[in-house]
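As C-alpha coordinates, the structure follows; a few thoughts come after it.
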Amino acid sequence: MDNEITVVTGGSRGIGAAVTRRLAAAGHAVGIGYRDDRQAAEAVAREVRANGGRCVTVRADVAVEADVDHLFDVVVAELGPVTGLVNNAGITGPLGRFTETAPGTMRNVVQVNVVGALLCARRAAREMSTRRGGRGGAIVNVSSGAATLGSPGEYVHYAASKAAVDAMTVGLSKELATEGIRVNSVQPGLVHTDIHRAMGDPDRPERKAPAVPMRRAGEPDEIAAAVAWLMSPEASYATGAVLRVAGGL
Ligand code: NAP
(Lines give C-alpha, C1' and ligand atoms only; values in the text may rest on other atoms or scores of the structure.)
Protein backbone atom coordinates (compact mmCIF):
# COMPACT_ATOMS: atom_id res chain seq x y z
CA MET A 1 0.00 0.00 0.00
CA ASP A 2 1.38 3.45 -0.91
CA ASN A 3 0.87 6.53 1.20
CA GLU A 4 0.36 4.77 4.51
CA ILE A 5 -1.11 6.95 7.26
CA THR A 6 -0.90 5.49 10.74
CA VAL A 7 -2.16 6.58 14.14
CA VAL A 8 0.16 5.66 17.03
CA THR A 9 -1.46 6.18 20.43
CA GLY A 10 1.13 7.09 23.05
CA GLY A 11 3.45 7.72 20.11
CA SER A 12 5.33 10.35 22.06
CA ARG A 13 7.40 8.32 24.55
CA GLY A 14 8.89 4.88 25.16
CA ILE A 15 7.83 2.07 22.84
CA GLY A 16 5.35 4.31 21.02
CA ALA A 17 8.03 6.88 20.17
CA ALA A 18 10.25 4.09 18.80
CA VAL A 19 7.29 2.86 16.72
CA THR A 20 6.69 6.39 15.42
CA ARG A 21 10.35 6.70 14.35
CA ARG A 22 10.36 3.27 12.66
CA LEU A 23 7.10 3.80 10.79
CA ALA A 24 8.13 7.28 9.67
CA ALA A 25 11.42 5.85 8.38
CA ALA A 26 9.39 3.24 6.48
CA GLY A 27 7.41 6.02 4.79
CA HIS A 28 4.29 6.24 6.94
CA ALA A 29 2.78 9.60 7.76
CA VAL A 30 2.17 9.33 11.52
CA GLY A 31 -0.52 10.71 13.80
CA ILE A 32 1.24 10.92 17.17
CA GLY A 33 -1.28 10.67 20.01
CA TYR A 34 -0.36 11.69 23.56
CA ARG A 35 -2.20 12.54 26.74
CA ASP A 36 -0.10 14.91 28.88
CA ASP A 37 3.46 15.40 27.72
CA ARG A 38 3.18 17.77 24.78
CA GLN A 39 6.91 18.52 24.78
CA ALA A 40 7.80 14.86 24.32
CA ALA A 41 5.32 14.58 21.44
CA GLU A 42 6.68 17.70 19.76
CA ALA A 43 10.27 16.46 20.17
CA VAL A 44 9.45 13.20 18.33
CA ALA A 45 7.56 15.15 15.68
CA ARG A 46 10.57 17.44 15.11
CA GLU A 47 12.79 14.39 14.62
CA VAL A 48 10.36 12.87 12.10
CA ARG A 49 10.14 16.11 10.13
CA ALA A 50 13.92 16.65 10.23
CA ASN A 51 14.24 13.27 8.52
CA GLY A 52 11.75 14.24 5.82
CA GLY A 53 8.69 12.52 7.29
CA ARG A 54 5.13 13.76 7.73
CA CYS A 55 3.38 13.74 11.09
CA VAL A 56 0.95 15.54 13.34
CA THR A 57 0.71 15.55 17.15
CA VAL A 58 -2.70 15.35 18.80
CA ARG A 59 -3.56 15.47 22.51
CA ALA A 60 -6.11 12.71 23.08
CA ASP A 61 -6.93 10.56 26.10
CA VAL A 62 -7.74 7.19 24.51
CA ALA A 63 -10.25 6.43 27.27
CA VAL A 64 -12.44 9.35 26.15
CA GLU A 65 -14.51 8.70 23.03
CA ALA A 66 -14.62 12.37 21.99
CA ASP A 67 -10.81 12.56 22.24
CA VAL A 68 -10.43 9.45 20.08
CA ASP A 69 -12.72 10.95 17.46
CA HIS A 70 -10.75 14.20 17.60
CA LEU A 71 -7.47 12.28 17.16
CA PHE A 72 -8.70 10.50 14.02
CA ASP A 73 -10.46 13.64 12.67
CA VAL A 74 -7.24 15.66 12.91
CA VAL A 75 -5.14 12.90 11.34
CA VAL A 76 -7.57 12.51 8.41
CA ALA A 77 -7.76 16.29 7.90
CA GLU A 78 -4.00 16.91 8.15
CA LEU A 79 -2.48 13.73 6.72
CA GLY A 80 -5.23 11.93 4.77
CA PRO A 81 -7.26 8.68 5.01
CA VAL A 82 -6.02 6.44 7.82
CA THR A 83 -4.53 3.06 6.88
CA GLY A 84 -3.11 1.95 10.20
CA LEU A 85 -3.41 2.02 13.98
CA VAL A 86 -0.88 1.07 16.63
CA ASN A 87 -2.82 0.76 19.85
CA ASN A 88 0.12 1.45 22.14
CA ALA A 89 -1.02 3.83 24.91
CA GLY A 90 -1.06 1.95 28.21
CA ILE A 91 -0.66 2.34 31.96
CA THR A 92 -0.14 -0.01 34.90
CA GLY A 93 -0.88 1.96 38.06
CA PRO A 94 1.41 1.51 41.09
CA LEU A 95 3.02 -1.90 41.67
CA GLY A 96 1.48 -3.93 44.47
CA ARG A 97 -0.40 -6.98 45.62
CA PHE A 98 -3.89 -7.40 44.19
CA THR A 99 -5.63 -7.10 47.56
CA GLU A 100 -3.92 -3.75 48.17
CA THR A 101 -4.65 -2.29 44.74
CA ALA A 102 -7.18 0.53 44.82
CA PRO A 103 -10.39 -0.08 42.85
CA GLY A 104 -9.83 3.33 41.22
CA THR A 105 -6.47 2.13 39.89
CA MET A 106 -8.09 -0.99 38.46
CA ARG A 107 -10.78 1.11 36.78
CA ASN A 108 -8.24 3.54 35.27
CA VAL A 109 -6.13 0.73 33.88
CA VAL A 110 -9.13 -0.98 32.30
CA GLN A 111 -10.39 2.36 30.92
CA VAL A 112 -7.08 3.17 29.22
CA ASN A 113 -5.78 -0.27 28.24
CA VAL A 114 -9.05 -1.98 27.31
CA VAL A 115 -11.72 0.65 26.61
CA GLY A 116 -9.12 2.92 24.99
CA ALA A 117 -7.86 0.16 22.71
CA LEU A 118 -11.43 -0.83 21.81
CA LEU A 119 -12.47 2.75 20.99
CA CYS A 120 -9.41 3.34 18.84
CA ALA A 121 -9.77 0.00 17.02
CA ARG A 122 -13.46 0.71 16.41
CA ARG A 123 -12.78 4.09 14.86
CA ALA A 124 -9.83 2.76 12.84
CA ALA A 125 -11.91 -0.14 11.50
CA ARG A 126 -14.67 2.26 10.50
CA GLU A 127 -12.10 4.37 8.62
CA MET A 128 -10.24 1.51 6.95
CA SER A 129 -12.80 -1.24 6.18
CA THR A 130 -13.18 -1.88 2.45
CA ARG A 131 -16.81 -2.74 3.26
CA ARG A 132 -17.26 0.93 4.21
CA GLY A 133 -15.33 2.30 1.24
CA GLY A 134 -11.95 2.46 3.02
CA ARG A 135 -8.56 1.38 1.67
CA GLY A 136 -8.02 -1.46 4.15
CA GLY A 137 -5.12 -1.38 6.58
CA ALA A 138 -3.51 -2.88 9.64
CA ILE A 139 -3.91 -2.69 13.40
CA VAL A 140 -1.24 -3.71 15.90
CA ASN A 141 -2.22 -3.87 19.53
CA VAL A 142 0.62 -3.52 22.04
CA SER A 143 -0.27 -6.07 24.68
CA SER A 144 2.22 -7.52 27.20
CA GLY A 145 3.83 -10.78 28.22
CA ALA A 146 1.84 -10.14 31.41
CA ALA A 147 -1.24 -11.35 29.52
CA THR A 148 -0.06 -14.94 29.95
CA LEU A 149 2.33 -14.56 32.92
CA GLY A 150 -0.34 -12.97 35.13
CA SER A 151 2.08 -10.66 37.03
CA PRO A 152 1.39 -11.93 40.59
CA GLY A 153 2.37 -9.47 43.32
CA GLU A 154 2.86 -6.66 40.80
CA TYR A 155 -0.27 -5.86 38.81
CA VAL A 156 -2.73 -8.67 38.19
CA HIS A 157 -5.33 -6.13 37.02
CA TYR A 158 -2.92 -4.93 34.30
CA ALA A 159 -2.22 -8.50 33.18
CA ALA A 160 -5.98 -9.04 32.91
CA SER A 161 -6.35 -5.88 30.82
CA LYS A 162 -3.67 -7.08 28.39
CA ALA A 163 -5.30 -10.52 28.05
CA ALA A 164 -8.43 -8.61 27.03
CA VAL A 165 -6.40 -6.78 24.38
CA ASP A 166 -5.22 -10.11 22.94
CA ALA A 167 -8.78 -11.47 22.91
CA MET A 168 -9.79 -8.38 20.94
CA THR A 169 -6.97 -9.08 18.48
CA VAL A 170 -8.20 -12.62 17.84
CA GLY A 171 -11.85 -11.66 17.42
CA LEU A 172 -11.27 -8.56 15.34
CA SER A 173 -8.77 -10.30 13.07
CA LYS A 174 -11.51 -12.78 12.12
CA GLU A 175 -14.31 -10.22 11.88
CA LEU A 176 -12.27 -7.91 9.63
CA ALA A 177 -10.35 -10.53 7.62
CA THR A 178 -12.47 -10.04 4.49
CA GLU A 179 -12.54 -6.25 4.87
CA GLY A 180 -8.87 -5.64 4.06
CA ILE A 181 -7.79 -5.19 7.68
CA ARG A 182 -5.18 -7.31 9.47
CA VAL A 183 -5.13 -7.24 13.28
CA ASN A 184 -2.21 -8.52 15.35
CA SER A 185 -0.74 -8.16 18.85
CA VAL A 186 2.80 -7.70 20.07
CA GLN A 187 3.54 -8.78 23.64
CA PRO A 188 6.64 -6.95 24.91
CA GLY A 189 8.47 -8.28 27.95
CA LEU A 190 10.54 -6.07 30.23
CA VAL A 191 11.51 -2.95 28.24
CA HIS A 192 13.56 0.13 29.21
CA THR A 193 10.99 2.97 29.30
CA ASP A 194 9.60 5.43 31.86
CA ILE A 195 6.65 3.14 32.59
CA HIS A 196 8.65 1.56 35.45
CA ARG A 197 9.21 4.94 37.08
CA ALA A 198 5.48 5.63 36.73
CA MET A 199 4.68 2.37 38.57
CA GLY A 200 7.05 3.41 41.39
CA ASP A 201 10.15 1.32 40.55
CA PRO A 202 12.50 3.02 38.08
CA ASP A 203 15.15 0.30 38.54
CA ARG A 204 12.70 -2.52 37.80
CA PRO A 205 14.29 -3.46 34.44
CA GLU A 206 17.68 -4.08 36.13
CA ARG A 207 16.12 -5.76 39.17
CA LYS A 208 14.06 -8.17 37.05
CA ALA A 209 16.62 -8.79 34.29
CA PRO A 210 18.04 -11.96 35.95
CA ALA A 211 14.59 -13.59 35.57
CA VAL A 212 14.62 -13.00 31.80
CA PRO A 213 16.14 -15.97 29.88
CA MET A 214 18.27 -13.50 27.86
CA ARG A 215 19.29 -11.87 31.19
CA ARG A 216 18.51 -8.33 30.06
CA ALA A 217 15.65 -5.93 29.52
CA GLY A 218 14.77 -5.01 25.93
CA GLU A 219 15.04 -1.67 24.18
CA PRO A 220 11.98 0.13 22.76
CA ASP A 221 13.30 -0.22 19.21
CA GLU A 222 13.43 -4.03 19.58
CA ILE A 223 9.67 -3.94 20.13
CA ALA A 224 9.11 -1.34 17.43
CA ALA A 225 10.82 -3.61 14.88
CA ALA A 226 8.19 -6.30 15.47
CA VAL A 227 5.35 -3.76 15.34
CA ALA A 228 6.70 -2.27 12.11
CA TRP A 229 6.93 -5.71 10.50
CA LEU A 230 3.33 -6.53 11.40
CA MET A 231 2.25 -3.16 9.99
CA SER A 232 4.15 -3.76 6.74
CA PRO A 233 3.12 -5.51 3.51
CA GLU A 234 5.76 -8.14 4.41
CA ALA A 235 3.22 -9.40 6.97
CA SER A 236 0.43 -9.64 4.37
CA TYR A 237 -0.69 -13.14 5.51
CA ALA A 238 -0.32 -12.50 9.24
CA THR A 239 -3.54 -11.75 11.08
CA GLY A 240 -4.70 -12.82 14.53
CA ALA A 241 -1.07 -13.39 15.54
CA VAL A 242 0.07 -12.69 19.08
CA LEU A 243 3.82 -12.17 18.82
CA ARG A 244 5.88 -12.38 22.02
CA VAL A 245 8.99 -10.17 21.99
CA ALA A 246 10.27 -10.73 25.51
CA GLY A 247 13.80 -12.16 25.57
CA GLY A 248 12.41 -15.63 26.26
CA LEU A 249 9.99 -14.76 29.06
P1 NAP B 1 5.53 4.86 28.67
O2 NAP B 1 6.99 5.04 28.42
O3 NAP B 1 4.99 5.11 30.03
O4 NAP B 1 4.73 5.74 27.59
C5 NAP B 1 3.34 5.67 27.61
C6 NAP B 1 2.79 6.45 26.44
O7 NAP B 1 1.35 6.30 26.44
C8 NAP B 1 3.06 7.94 26.53
O9 NAP B 1 3.21 8.43 25.21
C10 NAP B 1 1.79 8.49 27.17
O11 NAP B 1 1.50 9.83 26.83
C12 NAP B 1 0.74 7.58 26.54
N13 NAP B 1 -0.49 7.48 27.33
C14 NAP B 1 -0.65 7.02 28.59
N15 NAP B 1 -1.94 7.06 28.95
C16 NAP B 1 -2.62 7.57 27.89
C17 NAP B 1 -3.97 7.87 27.64
N18 NAP B 1 -4.92 7.66 28.57
N19 NAP B 1 -4.31 8.36 26.44
C20 NAP B 1 -3.37 8.58 25.50
N21 NAP B 1 -2.07 8.33 25.66
C22 NAP B 1 -1.70 7.83 26.86
O23 NAP B 1 5.08 3.36 28.31
P24 NAP B 1 5.79 2.21 27.46
O25 NAP B 1 6.62 1.40 28.38
O26 NAP B 1 6.38 2.75 26.23
O27 NAP B 1 4.51 1.32 27.11
C28 NAP B 1 3.86 1.34 25.86
C29 NAP B 1 2.94 0.12 25.78
O30 NAP B 1 3.73 -1.05 25.93
C31 NAP B 1 1.88 0.08 26.88
O32 NAP B 1 0.67 -0.41 26.36
C33 NAP B 1 2.47 -0.90 27.88
O34 NAP B 1 1.47 -1.53 28.65
C35 NAP B 1 3.18 -1.86 26.94
N36 NAP B 1 4.24 -2.64 27.60
C37 NAP B 1 5.35 -2.03 28.10
C38 NAP B 1 6.34 -2.81 28.71
C39 NAP B 1 7.59 -2.21 29.31
O40 NAP B 1 8.32 -2.92 30.02
N41 NAP B 1 7.89 -0.95 29.07
C42 NAP B 1 6.18 -4.19 28.78
C43 NAP B 1 5.05 -4.77 28.24
C44 NAP B 1 4.10 -4.00 27.65
P45 NAP B 1 1.96 11.05 27.84
O46 NAP B 1 3.45 11.09 27.80
O47 NAP B 1 1.37 12.27 27.25
O48 NAP B 1 1.42 10.70 29.19
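Observations on the structure shown:
- Percent accessible area from carbon and sulfur atoms, region 71-224, protein chains only, probe 1.4 Å: 54
- Straightening the chain between SER236 and ARG122 buys 38.9 nm, computed as 0.36 nm per residue apart minus the Cα-Cα spacing.
- Positive dipole terminus of region 5-245, leading residue within GLY80, ALA40, HIS70 (C-beta point charges): GLY80
- Comparing MET168, MET199, MET128 in a Gaussian network model of the chain (Cα springs below 10 Å), the most mobile by mean-square fluctuation is MET199.
- GNM top mover of LEU230, LEU85, LEU149 - the chain, alpha-carbon springs below 10 Å: LEU149
- Accessible area of the chain divided out per residue, in Å², using a probe of 1.4 angstrom: 45
- Within the assembled protein chains, the solvent-accessible surface assigned to ASP221 is about 70 Å², based on a 1.4 Å probe.
- Taking ILE195, ILE181 and ordering them by how much accessible surface each has at a 1.4 Å probe, largest first, produces ILE195, ILE181.
- To the nearest 10, the accessible area of GLU219 is 80 Å² with a 1.4 Å probe.
- Gain upon complete extension [GLU219, GLU100; 0.36 nm per residue less C-alpha separation]: 39.8 nm
- Helix content alone sets the calculated 222 nm mean residue ellipticity of the chain: runs of n ≥ 4 DSSP H residues at -39500 (n - 2.57) each, divided across all residues, give -12500 deg cm²/dmol.
- Remark: the GLU206-ALA66 segment gains 46.5 nm on full extension, using 0.36 nm per residue and subtracting the alpha carbon distance.
The values are calculated or read from the model by the stated rules, or taken from the named source; none is laboratory data. As the structure is a computational prediction, the values presented were derived from the model and not from experiment. All Cβ positions, glycine included, derive from the backbone under ideal geometry; neighbour counts span all protein chains shown. Heads up: the accessible areas ignore ligands, DNA and RNA and are worked out on the full protein's heavy atoms, side chains in. Shrake-Rupley method; radii C 1.70, N 1.55, O 1.52, S 1.80 Å.
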